[in-house]
Amino acid sequence: MGNKSYRLSDLSRLLGVPFKGDGEVVIDGVGPLETAGPTHLTFLANPKYRAKLERSRAAAVIVDPGFEDVGRPILVSPNPYWTMAKAAQLFYDPPPLDPGIHPSAEVSAEASVAPGAAVGPWVSIGPGTSVGDGTRLYGHVYVGRQVTIGRDCLIYPHVAILDGCRLGDRVIIHSGTVIGSDGFGFAQDNQGRSTKIPQTGIVQIDDDVEIGANCTVDRATFGKTWIQEGVKIDNLVQIAHNVTIGRHSIIVAQVGIAGSVTLGSHVVLGGQVGIAGHLTVGDRVRIAAKSAISHSVDPDQDLMGVPAMPHKQWLRHYAAWLRLPRMQQEMAALKERVRHLEETLARTQNPTKDGSHGNEC
Amino acid sequence: MGNKSYRLSDLSRLLGVPFKGDGEVVIDGVGPLETAGPTHLTFLANPKYRAKLERSRAAAVIVDPGFEDVGRPILVSPNPYWTMAKAAQLFYDPPPLDPGIHPSAEVSAEASVAPGAAVGPWVSIGPGTSVGDGTRLYGHVYVGRQVTIGRDCLIYPHVAILDGCRLGDRVIIHSGTVIGSDGFGFAQDNQGRSTKIPQTGIVQIDDDVEIGANCTVDRATFGKTWIQEGVKIDNLVQIAHNVTIGRHSIIVAQVGIAGSVTLGSHVVLGGQVGIAGHLTVGDRVRIAAKSAISHSVDPDQDLMGVPAMPHKQWLRHYAAWLRLPRMQQEMAALKERVRHLEETLARTQNPTKDGSHGNEC
Amino acid sequence: MGNKSYRLSDLSRLLGVPFKGDGEVVIDGVGPLETAGPTHLTFLANPKYRAKLERSRAAAVIVDPGFEDVGRPILVSPNPYWTMAKAAQLFYDPPPLDPGIHPSAEVSAEASVAPGAAVGPWVSIGPGTSVGDGTRLYGHVYVGRQVTIGRDCLIYPHVAILDGCRLGDRVIIHSGTVIGSDGFGFAQDNQGRSTKIPQTGIVQIDDDVEIGANCTVDRATFGKTWIQEGVKIDNLVQIAHNVTIGRHSIIVAQVGIAGSVTLGSHVVLGGQVGIAGHLTVGDRVRIAAKSAISHSVDPDQDLMGVPAMPHKQWLRHYAAWLRLPRMQQEMAALKERVRHLEETLARTQNPTKDGSHGNEC
C-alpha cells in the first residue's frame, strides 16, 4: 500500500456509498481497527468492536447505517465488510509484469496472445492457445496446446495449464497449481494389475474463479471437469476428473473431491473435507471441516462428521459420546441394583430358600 | 481424439479379442454410452446399462461374452472395461514433444540422454544422470545428479527428480510432483530444539508406476524409499522416507504414509487415509477413505475408521453410535423403572415403613 | 556419503564428545546398525538394540555413558541420536551449486545478491530483494520484489517466494513450496457472491526453519504470517494467513492450520491435523495425527480426536466406543430382566390378577 491515495469523497463515489464528515481527508490504505494508521480507512463490521474504534488511529471508518456517531469521517454501507474489500481493491496492485512477451518465453507461432497481455520469463505457450487482454502469466508458467485463457487473469509462477483447458475472465490461479492433470482412471485385469484409461477430456474454469496454491484439478476422462463462475478454492485442494462445482461455492484448504461429484451453487466445504465419488451435493449445503460425505446431500443442509450427518443431529450424538464412559458406569450400577432386586424378590417369594434361618438340611 | 482411426477388425487383432458383425466399420475414438459419437467404440461393462446402449450412437460396442446380441458390431471381451482402456490407449497420444534436447535446456556434459528421448525447454539434467529412449521430459523439469530414468517415461512440467533417484520404464509423473525431497528426520536436544538428520538415501520407482500431480515422495534417511512395479498414486499424496509400497497397489488422493511403513502388494488406500510410522500393511488390504491406520494390518483385511477396524465391525459400532442418543433415553427410563421397583418392593417388605397408614410416631 | 572422512579422534573433537578405543580408525559415513559398513559410524540410541550391535559391521559406535563396553571404538554421548545427527551432517553436502549467478537467471538490477550466494538456472529475483552469503537458490526458483533471504539458506527447485516475504538465516525450503500466496479472504454480498479482500501482508520465516515440499504458506491479510525460529514443517502442509507458529514447533505432513491461529513454542502436530481459525494453542501442546482442534488449548496438553480431547480422556471414550455394541446387548438384557421383575412383583402384590389360577371371569 501507500502508492495510491484518494480523498474520502472520491472513495464514496467509487464505492457507491455515502460519506459523512470531512470528504477532503486523504486516504492511502485500508487496515483493521488495531493497526490502521492515521492515513488509513478502517471498518466496523461488528458493533462489539466499538471500543476498539475509539482507540483506532484511522482517518476514517466504514460503518453500518445504525452506527454513524463515531466522531470521525465515515462511509456508510449496509455491508461494511464488503465495502472494505472493495476499498482495499482500489489500493491494491498485483505483482507488476510488463505487457508483452518476455524474450525468454517460448510462444508457439500458432498461439494468439493479446497485445495487452503480459507473458513473463520462461513461460511456454503451445499451439492453438489464446491469451486474453490484461492477463498476466508470471514466470515459469506452462500453458499447453489448444488452451483458452480469458481477459484480466492472474496466473502465478509455476502454474501448469495443460492441453485443451479453458479459463474465463478474471480468473486467478496461485503458484504451483496444476490444471488438467490426468484423472485417476484405471481398469484392472483379473490379477489386479492396472492399465491406464487415457484421460481425454478437459477442465473448464468460468469467470471470476480463484484457485489457491498447489491445488490439482484433473481433466475429465471424457467431457469436462467444470468449475463454475465465482467459485473460490483455497490451497492444496484436489478436484478429481469430471467434477462440477456450482457457482459461487467456497472450498477451503485440503478438501478432496472424488471423481464425478456434482456440487450445487453456494456450497461451502470446510477444510480437509472429503467427498466420495459420484455424489450430488445440493445448493447452499455447508459441510463442517474434516467431515466425510458418503451419500448425496439435499440442498440447504448443514452437515458434520465422519460420515457426515445433519449438524444438529451430530451435536446430539457428540453429547452422548461425551457421556459414554459415565453411561457405562451407570449401566454397571444399574445391573447391580437389578441383581439386588432379583435376590430380594426371590427371598420375598421363597423366604426359606435363601434365608439365613432356613432349616432345609 | 480424432486423428487416428482403425477398422473394427484391426482393433480386434490389436486388442486380442474377437469381433462380430461388420469388421470394416471405421472407429476413430472411444466414448461412454451416453456421449459416444457415430464413429466411436463404446463399452457395456455392466448389463444394467443395456437400455442406454439402445440409445447410444456408437458405431460398435465392447461386450461380455453373454451379451452379444446388441444389434451392432461388437468386440467380445471377458473384461470389457479393460478392453475399453486398451482401445482408448490406441487412440491417445500424450502431449507431443520433439525428440532431442531443446536449446534452452541445461544438460550436463556428464549426463547421458538417449537419442530418442525428448528434453523440453528449461529442463536441467545433472551429471551422472541417464535418460532412456522414448522418455519425454516436458518443460521446467528439474533432474538432479546421478539420476536414472528408464525408457518411455512421461515426466510432466514442473516435476523435480532430485539426486540419486531411480525410475524404471514407462513411469508417468504428473506436474508439480517432487521425487526425492528430504525425509522429515530430526534429533532433539534436551531443550526440544531440532537438528537435521541428513537424508542420504534415495527413491526407487519401478516400471509402470504412475504418480499424480503435486505429490511428495521423500528420499530415505539411509537406503531407499521404494515404489514397486505397477503402483498407481493419485494427486497430493505424501510418501515419507523409507516407505515401501508393494506391487500394483493403488493410493487415492491426499493419502499420507508416514516414515518406514511397508505396504504389501495390491493394497488399496482410499482418499485422505493416514498411516502411522513403522507399520506393516499386508497384501490386498483395503482401507476406506479418511481412515487412520495405527496398527499393522494382516493381509486381506477391509478396514475403516479412525482408528481403523475391520469394516464389518465398524458397521456394528457405527449402528450403535447412531442409536446412542436413544439408548441414553432408554437408560434414563430404565433407571426410573428400577427406582420404582425398589420403592414398591420396599413397601411390600415393610408395609408400615413407607405406608400412609403407618403409626410410628 | 563416501567423499569425506574423519578419524574417530577428529569426530570426537568436532562433536564435543569423548572417544574410547582406537582414535585413529577412519570413518567415512554414518549408518544404522543393520546396514552400516566397515568404515561407518553407527549409534545405539536404545539399549534394546544391543544384540543388533553385536552383528553390526560398523567401525565405531556412539553410545550412552552407561553402555561403553561394546568391544569396539566408541563415542560417548548423553544423547547418541543427537550426536549421530551432528556426525551425519559432517559427511553430508546438499546438492552442489556454483556460487555466482547462472547466465540464464533474471536478477533485477535493483536486487542485491551476496558474492558467495549461488543463483541457479532460470531463477528470477525481483527489485528490492536481497540474498545473503552462502545461500543457494536452485533452478526454477521464483523470488519476487522486496524479498529478504538471509545467509546459508537452501531453496530447492520450483520454490516461489512472493513479494515482500522475509527469510532468516539457514532456512531450508524444499521443492514446490509456495511462500506468500494470497490468504483466503473474501467478503460476501447479500446474494452470496464473493469479492476478494486483497492480501497485503507478508510471510516472515525466522532462522533455522525447514519447510518441506509442496507446502503453502499464505501471506497475511494485513501484518504478517510468522514462522518462528527452529520450526520444522513436513510436506504438503497448509499455513493460512496471519498464523503464528512458535519457536521449535514441529508440524508433520498434510496438517492444515486455518487463519489467525497462534501456536506456542515446542508444539507438535501429527500428520493430517486440522486447526480451526482464530484459536490459540499453548506451548508444548502435542496433538495426535488426524485430530481436529476446534477450541483453544492450554499449554502442556496432549490431545487427540475429532474434535480433540485430552489423550487420556480420549482413551476412556474410545474404550467405551469399543464396548458399545456389547453394551447395547447388555441394555436389552437388562430391560428384559426389569420387565420380568415388574411382572413378578405385580403377581406378588396382586396374586389373583395375573396368576394362572385366577378366578376373575
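The values are calculated or read from the model by the stated rules, or taken from the named source; none is laboratory data. Predicted model, so just to flag it, every value in this text is computed and none were measured. No Cβ is skipped: glycine too gets one built from the backbone with ideal geometry, and neighbour counts run over all protein chains shown.
For this structure, a couple of remarks:
- Any hit, segment C:6-14, residues being among the hydroxyl-bearing types (Ser, Thr, Tyr) and part of a helix (DSSP H, G or I): yes
- Test for residue A:110: is it in contact (Cβ under 8 Å) with a residue 12 or more places away in the chain, under 28 Å from residue A:125 (Cα atoms) and surrounded by 17 or more Cβ atoms within 10 Å (Cβ to Cβ): no
- The test for being buried (at least 18 other Cβ atoms within 10 Å of the Cβ), away from chain C (no Cβ under 11 Å) and either at positive phi or in contact with a Leu (Cβ under 9 Å, 6 or more places away or on another chain) (or both) holds for residue A:105.
- Selection status of residue C:311, under 30 Å from residue A:330 (Cα atoms), at pLDDT 95 or above and touching a Gly at 6+ places or on another chain (Cβ under 9 Å): yes
- Close Cβ contacts (under 6 Å, 6 or more residues apart or on different chains) running from residues in segment B:289-311 that are at positive phi to residues that are among the polar types (S, T, N, Q) comprise B:290/B:272; B:305/B:291.
- Condition met for residue B:256 (more than 10 Å from chain A (Cβ to nearest Cβ), surrounded by 23 or more Cβ atoms within 10 Å (Cβ to Cβ) and modelled with pLDDT of 95 or more): yes
- Qualifying residue in segment A:187-201 (condition: touching a helix residue (DSSP H, G or I) at 6+ places or on another chain (Cβ under 6 Å) and either of a type in the set (Gly, Ala, Ser) or under 28 Å from residue C:141 (Cβ atoms) (or both)): yes
- For segment C:25-35, taking the residues that are assigned to a loop (DSSP other than H, G, I, E, B) and modelled with pLDDT of 95 or more, the one that is farthest from the other protein chains (Cβ to nearest Cβ) is identified as C:25.
- Residue A:94 vs. criteria more than 20 Å from residue A:34 (Cβ to Cβ), touching a residue at least 60 places away in the same chain (Cβ under 8 Å) and surrounded by fewer than 16 Cβ atoms within 10 Å (Cβ to Cβ): yes
- Contact map, segment A:185-197: residues that are within 10 Å of residue B:248 (Cα to Cα) and at the interface with chain B (Cβ under 7 Å from one of its Cβ atoms) paired with residues that are among the charged types (D, E, K, R) and in a strand (DSSP E or B), Cβ distance under 6 Å, separation 6+ or inter-chain. Pairs shown: A:194/B:232.
- Residue check for residue A:244: touching a helix residue (DSSP H, G or I) at 6+ places or on another chain (Cβ under 6 Å) and among the polar types (S, T, N, Q): no
- Residue in segment C:209-220 that is assigned to a strand (DSSP E or B) and charged (D, E, K, R) present: yes
Conditions (1) in contact (Cβ under 8 Å) with a residue 40 or more places away in the chain; (2) buried (at least 19 other Cβ atoms within 10 Å of the Cβ); (3) under 23 Å from residue B:194 (Cβ atoms); (4) more than 28 Å from the chain's Cα centre (by Cα), marked per residue:
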residue	(1), (2), (3), (4)
C:7	no, no, no, yes
C:32	no, no, yes, no
C:41	yes, yes, yes, no
C:49	no, no, yes, no
C:82	no, yes, yes, no
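- Test: residue in segment C:205-212 that is crowded, with 23+ Cβ neighbours inside 10 Å, under 24 Å from residue A:95 (Cβ atoms) and over 21 Å from the mean Cα position of the chain (by Cα): no
- Test result for residue A:123, surrounded by 23 or more Cβ atoms within 10 Å (Cβ to Cβ) and under 21 Å from residue A:173 (Cβ atoms): yes
- Checking residue A:139 against (1) of a type outside the set (Phe, Trp, Tyr); (2) crowded, with 21+ Cβ neighbours inside 10 Å; (3) in contact with a Lys or Arg (Cβ under 9 Å, 6 or more places away or on another chain), the condition it does not meet: (3)
- Candidate set from segment C:262-292 (those that are assigned to a strand (DSSP E or B) and surrounded by fewer than 24 Cβ atoms within 10 Å (Cβ to Cβ)); member that is farthest from the chain's Cα centre (by Cα): C:280
- Cβ-Cβ under 8 Å pairs, at least 6 apart or on other chains, segment C:51-65 side part of a helix (DSSP H, G or I), far side at pLDDT 95 or above and surrounded by 14 or more Cβ atoms within 10 Å (Cβ to Cβ): C:53/C:42; C:53/C:61
- When residue B:104 is tested against the conditions (1) more than 33 Å from the chain's Cα centre (by Cα); (2) of a type outside the set (A, V, I, L, M); (3) at pLDDT below 95, the lone failure is (3).
- Within the set C:119, C:159, the sole residue that is more than 26 Å from residue C:239 (Cα to Cα) and either assigned by TED's automatic domain parsing to the domain that holds residue C:203 or under 23 Å from the mean Cα position of the chain (by Cα) (or both) turns out to be C:119.
- Members of segment A:126-135 found to be in contact with a strand residue (DSSP E or B) (Cβ under 7 Å, 6 or more places away or on another chain), surrounded by fewer than 24 Cβ atoms within 10 Å (Cβ to Cβ) and either within 12 Å of another protein chain (Cβ to nearest Cβ) or assigned to a strand (DSSP E or B) (or both), listed by number: A:126, A:130
- Residue within segment C:151-164 that is surrounded by fewer than 21 Cβ atoms within 10 Å (Cβ to Cβ), β-branched (Val, Ile, Thr) and within 12 Å of chain A (Cβ to nearest Cβ) present: no
- Exactly one residue out of C:58, C:45, C:88 is over 29 Å from the mean Cα position of the chain (by Cα), within 14 Å of chain B (Cβ to nearest Cβ) and within 21 Å of residue C:15 (Cα to Cα), and it is C:58.
- Scanning segment A:296-341 for residues that are under 29 Å from residue A:275 (Cβ atoms) and β-branched (Val, Ile, Thr) yields a total of 2.
- Residue among C:135, C:129, C:83 that alone is farther than 20 Å from residue B:219 by Cβ, β-branched (Val, Ile, Thr) and in the same structural domain as residue C:50 (by TED's automatic domain parsing): C:83
- Close pairs (8 angstrom Cβ cut-off, 6 or more residues apart or separate chains): within 14 Å of chain B (Cβ to nearest Cβ) in segment C:218-236, among the aromatic types (Phe, Trp, Tyr) and in a strand (DSSP E or B) anywhere: C:232/B:186
- Conditions (1) part of a loop (DSSP other than H, G, I, E, B); (2) touching a Phe, Trp or Tyr at 6+ places or on another chain (Cβ under 9 Å); (3) among the charged types (D, E, K, R): number failed by residue C:22: (2)
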